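Notes to accompany the following structure.
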Amino acid sequence: MVVEKSIKGLANSQVALTVTVDAASVEDAYQAKLKKYQANLQLDGFRKGKAPVSIVERKYGDAIREESTFECLEENLKQAIDTLDDKDKPLAYSTPVLQDEEKLVPFKKGEGITFTVHYDVYPAIEVKDYKGREIEVTGVEVADSDVDAEIEKLRDQNAIVKTKDGAIEKGDIVTLDYVELDEEGKPVADTERKNFTFTLGTGYNYYRLDDDLVGLKKDDEKVIEKKYADDDVTFHGEKKNIKVKVDEVKFRELPEVDADFCQDVKEEYKTVEDLRKGLREKLEKEVDEALKNDKINALLALLVDETKFEVPSSMVDVELDHSWRNFVQQSGLEESKLLQFFSMQNQTKDGIIAEWRPSAEKNLREQLILEEIKKKEDFKVDEEEYKKTCDEQLKNITDEKSKEYYENMIKDDMQFKMVVPFLLENNTFKTKETKSYKEFMNK
């Protein structure tokens with residue numbers, strides 16, 4: 001049994017837990033393990049389980065003592081941790097690490113054992129002055145020109161594509177055949193493309209022929225001489241001759257902004273004035289949401305700077321592992337294929353994750369601060385909404401213990417979602433400068 005335990009704080013939200021186990025407990029564990037081995041061993045000259053304990057001990061005693069003692073230490077460690085205050089217990093994903101193991105072995109008969117483990121604990125956080133602050137943020141003005149730009153986007157989305165007989169202009173949709181020619185005017189192998197279609201001005205073509213095609217018409221053929229800049233990322237100052245043949249030219253006919261167009265956008269828009277009003281409200285709503293993020297980010301930046309605590313390494317590691325798994329999933333590739341691609345670029349998983357670490361730690365600091373505010377304020381959830389959510393999400397769970405666990409999770413999540421609105425309501429945000437909608441949204 002545990003005779004004594006002590007706990008000491010370390011750096012990076014770690015603690016050192018030292019436990020002393022009495023000699024009798026260590027010896028009892030050894031004798032129990034010895035008997036178990038004796039009952040299952042079959043030694044030469046003896047039937048299974050009939051070899052004398054003394055022979056088993058002489059032959060395997062040291063190994064059995066080491067195994068039984070480590071098991072005894074592990075069991076007593078669990079008991080010691082169970083008696084600790086919550087603040088001193090290890091995080092769920094932090095495994096206690098035995099220190100100075102080489103100094104413990106070999107274990108000796110008749111002696112108690114004192115050992116120490118290190119593990120991460122939840123950081124001690126004290127958030128101050130998170131209410132009543134005055135924070136400077138950027139203001140945003142939605143101008144008529146921003147509404148005009150939205151209308152142009154809608155016109156472009158509702159454009160009709162038509163065949164064009166005249167000369168090619170920027171914005172036209174061109175279909176062409178092309179091939180690179182060598183110095184003798186012969187086609188270069190593997191450079192020919194047939195029926196290649198792109199919109200002039202986008203630059204979405206290998207040789208970047210946009211400006212060179214302006215003025216050509218359907219069925220025109222031309223050898224285009226290109227001289228690329230020295231700092232060109234693809235051709236590095238090379239000269240190229242590209243033979244092109246224009247197969248088809250189309251243009252986008254934009255609709256007039258009239259009542260019919262407004263109705264096509266949204267049935268409730270009866271007039272152009274309705275359309276402009278609706279689009280302005282849409283943009284202003286986007287701005288309001290973006291400003292909320294700016295406000296809370298500005299406040300959190302202050303709180304992170306003022307609230308000093310250490311984020312446990314294991315917590316950051318879990319966050320990074322989650323980010324990596326999401327990254328792999330979003331890539332659409334198997335992890336092995338993704339790692340192979342990175343290897344070709346002289347990158348490694350460890351290197352990429354190391355680049356992510358500062359951002360992951362910053363995000364965790366913000367989340368932990370928000371969590372601490374939630375605890376301090378102890379928000380009261382709407383009981384009717386809480387009950388409805390539990391009934392909907394837990395209708396297939398019959399085990400009462402599991403149900404209680406998930407009910408607590410739902411309540412915790414509802415409380416956490418109340419933190420940001422609370423902070424926005426209980427702090428003042430002062431406009432320091434005003435930006436245009438375009439400048440603000442494209443920052």
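Some notes on this structure:
- So T69, is it over 30 Å from V311 (Cα atoms) and either loosely packed, with under 14 Cβ neighbours inside 10 Å or free of Cβ contacts under 8 Å to residues at least 60 places away in the same chain (or both): yes
- Of the numbered criteria (1) within 30 Å of D412 (Cβ to Cβ); (2) out of contact with any Phe, Trp or Tyr (no Cβ under 8 Å at 6 or more places or on another chain); (3) open to solvent by less than 50 Å² (accessible area, probe 1.4 Å); (4) at pLDDT 95 or above, the one L279 fails is (1).
- Taken over the stretch 355-365, the residue count meeting the criterion of being surrounded by fewer than 17 Cβ atoms within 10 Å (Cβ to Cβ) and either basic (K, R) or over 14 Å from the mean Cα position of the chain (by Cα) (or both) is 2.
- Of all residues in the stretch 216-237 being in contact with a strand residue (DSSP E or B) (Cβ under 8 Å, 6 or more places away or on another chain) and open to solvent by 60 Å² or more (accessible area, probe 1.4 Å), the one that is nearest to G166 (Cα to Cα): K217
- Qualifying residue in the stretch 26-42 (condition: open to solvent by less than 40 Å² (accessible area, probe 1.4 Å), within 30 Å of M315 (Cα to Cα) and touching a residue at least 60 places away in the same chain (Cβ under 8 Å)): no
- Count - residues of the stretch 156-177 that are under 43 Å from the mean Cα position of the chain (by Cα) and open to solvent by less than 80 Å² (accessible area, probe 1.4 Å): 10
- Failed condition for V244, given (1) within 13 Å of L154 (Cβ to Cβ); (2) open to solvent by less than 50 Å² (accessible area, probe 1.4 Å); (3) of a type outside the set (S, T, Y); (4) over 38 Å from the mean Cα position of the chain (by Cα): (1)
- Odd one out for K430 among (1) under 30 Å from D144 (Cβ atoms); (2) open to solvent by less than 60 Å² (accessible area, probe 1.4 Å); (3) over 27 Å from the mean Cα position of the chain (by Cα): (2)
- Matching residues in the stretch 302-312 - criterion: being open to solvent by less than 60 Å² (accessible area, probe 1.4 Å) and either without any contact (Cβ under 8 Å) to a residue 60 or more places away in the chain or not hydrophobic (A, V, I, L, M, F, W, C) (or both): T307, P312
- Checking each residue in the stretch 180-213 for being surrounded by 14 or more Cβ atoms within 10 Å (Cβ to Cβ) and of a type in the set (A, V, I, L, M) picks out L181, L200, L209, L213.
- Segments classed as helices (runs of 4 or more DSSP H), wholly inside the stretch 271-366, with at least 2 members that are touching a helix residue (DSSP H, G or I) at 6+ places or on another chain (Cβ under 6 Å) and within 30 Å of L424 (Cβ to Cβ): 272-306, 313-331
- The numbered conditions (1) in contact with a Phe, Trp or Tyr (Cβ under 7 Å, 6 or more places away or on another chain); (2) open to solvent by 30 Å² or more (accessible area, probe 1.4 Å); (3) aliphatic (A, V, I, L, M) are all true for I64 except (2).
- Residue satisfying all of: in the stretch 392-424; farther than 14 Å from I373 by Cα and of a type in the set (F, W, Y); surrounded by the most Cβ atoms within 10 Å (Cβ to Cβ) among these: Y406
- Yes/no for D264 being out of contact with any Phe, Trp or Tyr (no Cβ under 6 Å at 6 or more places or on another chain), open to solvent by less than 90 Å² (accessible area, probe 1.4 Å) and closer than 30 Å to S436 by Cβ: no
The values are calculated or read from the model by the stated rules, or taken from the named source; none is laboratory data. Remember, it's a predicted structure, so these values are computed and weren't measured experimentally. We place every Cβ from the backbone using ideal geometry, glycine too, and count neighbours over all the protein chains shown. Side chains included, ligands, DNA and RNA excluded: accessible areas come from the protein's heavy atoms. Shrake-Rupley method; radii C 1.70, N 1.55, O 1.52, S 1.80 Å.
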